[in-house]
Amino acid sequence: MSVVGILIQLIDFYQLLIIAYVIMSWFRPRGFLADVYRTLGSIVEPWLGLFRRFIPPLGMIDISPIVAIIVLTLIQRGLATFALRLG
């Protein structure tokens, strides 16, 4: 597997982490799940924070994770295009 292929897979995994973090934020995790939630937060909040600076919440709804995932998808497609042109 090429470096670009690995990066594409890592982006997929990171998108799943964002989705898991968002779903967990709808509930109040306790015990072990609270630890998992905090760990996910430490991993995904730096990326989500970039978008929260520019995108205000719509009432009680934070759409920054959606925008963050769209940007990751665009990066992923750019990497795939780059890999195709190289190879």
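Before moving on, here are some points about what is shown:
- GNM remark for the chain: springs join alpha carbons under 10 Å apart, and the peak mean-square fluctuation among Gly59, Gly49, Gly41 falls on Gly59.
- With both labels modelled 7 Å from their Cα along Cα-to-Cβ, the Arg30 to Ile63 distance reads 3.5 nm.
- Placing +1 on the Cβ of every Lys and Arg and -1 on the Cβ of every Asp and Glu, with nothing else charged, gives the chain a dipole about its Cα centre of roughly 80 debye.
- Stretching Thr39 away from Ile19 to a fully extended chain increases their span by 5.8 nm, per 0.36 nm per residue minus the current alpha-carbon distance.
- Stokes-Einstein diffusion for segment 35-81, with the hydrodynamic radius set to the Kirkwood value over Cα pairs and evaluated at 4 °C in a medium of 1.567 mPa s, equals 110 µm²/s.
- Normalised by 2.2 N^0.38 Å, where N is the number of residues, the C-alpha radius of gyration of the chain stands at 1.26.
- If you run the Gaussian network model on the chain, springs between alpha carbon atoms under 10 Å, then out of Leu74, Leu17, Leu58 the most flexible one is Leu58.
A short reminder: the numbers here are calculations on the coordinates, not readings from a lab. Just so it is clear, the model here is predicted, and its values are computed rather than measured. As a convention, Cβ positions derive from the backbone with ideal geometry for all residues, glycine included, and neighbour counts pool all protein chains shown.
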